[in-house]
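The values are calculated or read from the model by the stated rules, or taken from the named source; none is laboratory data. From a predicted model like this one, the values you see are computed outputs, not experimental measurements. Glycine gets a Cβ as well: all are built from the backbone with ideal geometry, and neighbour counts include every protein chain shown. For accessibility, only protein heavy atoms count, side chains too; no ligands or nucleic acids. Shrake-Rupley method; radii C 1.70, N 1.55, O 1.52, S 1.80 Å.
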Amino acid sequence: MHEASIAGGVLQLVEDTAAREGFKRLLALRLEAGQLAGVDVRALRFALESLAPGTLLDGATIEIEEPPGQAWCLACCQTVALPQRGDACPSCGGYQLQPTGGDELRVLDMRVADD
């Protein structure tokens with residue numbers, strides 16, 4: 001379950017940012033885990049909630065956006081929806097697909113308080 005290590009990395013990023021920027025509390029955290037990022041969003045949320053007690057994540061609202069996967073089909077020269085890696089092009093049935101979206105895993109923003 002690599003989501004636990006991802007959650008640990010997110011916590012480290014939040015703590016490093018708090019030390020650098022001088023905030024005391026995290027109010028809200030917004031993440032993006034695209035459909036093609038290889039992340040189980042439920043497991044990531046569980047891992048973040050498990051790490052939260054006693055950390056800056058404690059009490060923060062955590063929102064995880066899940067943008068859909070999309071790819072450029074080299075065979076039919078169009079952008080298509082791609083629910084998961086390894087799927088065929090829904091237009092032509094080909095497998096020459098280059099992911100162009102939905103493969104991101106990143107922190108979008110944080111809302112903080114310095115009280």
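Worth a mention:
- Residues located in the stretch 17-29, provided they are farther than 15 Å from D109 by Cα and not in a loop (DSSP other than H, G, I, E, B): A19, R20
- Conditions (1) assigned to a strand (DSSP E or B); (2) within 30 Å of D114 (Cα to Cα); number of the one not met by V14: (1)
Let's see how each residue does on (1) under 22 Å from G101 (Cα atoms); (2) touching a strand residue (DSSP E or B) at 6+ places or on another chain (Cβ under 6 Å); (3) modelled with pLDDT under 95:
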site	(1), (2), (3)
G9	no, no, no
R20	no, no, no
D40	yes, no, no
L44	yes, no, no
E49	no, no, no
P53	no, no, no
I64	yes, yes, no
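- None of A33, A37, A7 is in contact with a helix residue (DSSP H, G or I) (Cβ under 6 Å, 6 or more places away or on another chain) and touching a residue at least 60 places away in the same chain (Cβ under 8 Å) except A33.
- Condition met for L27 (touching a residue at least 24 places away in the same chain (Cβ under 8 Å), exposed (fewer than 15 other Cβ atoms within 10 Å of the Cβ) and either in contact with a Leu (Cβ under 6 Å, 6 or more places away or on another chain) or not charged (D, E, K, R) (or both)): yes
- Among the residues of the stretch 69-90, those identified as free of Cβ contacts under 8 Å to residues at least 40 places away in the same chain, in contact with a strand residue (DSSP E or B) (Cβ under 6 Å, 6 or more places away or on another chain) and not small (G, A, S) are Q70, W72, C73, T79, V80, C89, P90.
- Strands (runs of 3 or more DSSP E) contained entirely in the stretch 30-103, each with at least 1 residues that are more than 30 Å from D114 (Cβ to Cβ), open to solvent by less than 80 Å² (accessible area, probe 1.4 Å) and of a type outside the set (K, R): 70-73, 78-81, 97-101
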